[in-house]
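Here is the structure we will look at, set down as structure tokens.
The values are calculated or read from the model by the stated rules, or taken from the named source; none is laboratory data. Everything numeric here is computed off the predicted structure, so don't read it as measured data. For neighbour counting, all protein chains shown are included, and Cβ atoms are generated from backbone atoms with ideal geometry for every residue, glycine included.
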Amino acid sequence: MNKVFLSGNLTKDPEVRYTNTGKAYARVGIAVNRPFSKDKTVDFFNLVVWDKSAENMGKYLAKGSRILLEGRLQTSKYKDKDGNERTATDIIVENWEFADSKKKPADDFDGEPVDDADTPF
């Protein structure tokens, strides 16, 4: 089984690009705090996001946005500009969701008013 679950902050604004066939993708990094680390150690991982998920990430997220993600590890080999063989490990994001606790300002509310008598709490 190849599954990764992470919670962290984006290290840069997601930049959505398109393949020659028109398929959307984004490459972005995520910073994840190590739990129980006395010296506040942070790990950095490379993310690759595809299709509508990439477009939504580019539309709604920015550097510093906190997300939860589910994905899988993938390694690939390539040659750098000097001809040296390199190995890269990426997390291919399958699902992500917002984890920021920021609330919309009251004047940005775009729903319908709710009667207090209709709420169960």
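Could you list, in sequence order, all residues of segment 16-30 that are loosely packed, with under 14 Cβ neighbours inside 10 Å and touching a strand residue (DSSP E or B) at 6+ places or on another chain (Cβ under 8 Å)?
If the condition is that a residue be loosely packed, with under 14 Cβ neighbours inside 10 Å and touching a strand residue (DSSP E or B) at 6+ places or on another chain (Cβ under 8 Å), then Arg17, Tyr18, Thr19, Lys23 are the ones that fit.
Say we look at segment 34-84 and pick out the residues that are of a type in the set (Ser, Thr, Tyr) and in contact (Cβ under 8 Å) with a residue 12 or more places away in the chain; which of these is nearest to Glu94 (Cα to Cα)?
Ser53
Of the residues that make up segment 99-112, is at least one modelled with pLDDT of 95 or more and surrounded by 10 or more Cβ atoms within 10 Å (Cβ to Cβ)?
Taking segment 99-112 first, the residues modelled with pLDDT of 95 or more are none.
Among the residues of segment 99-112, not one is modelled with pLDDT of 95 or more and surrounded by 10 or more Cβ atoms within 10 Å (Cβ to Cβ), which makes the answer no.
What strands (runs of 3 or more DSSP E) lie completely within segment 1-100 and have 3 or more residues being among the charged types (D, E, K, R)?
66-79, 85-98
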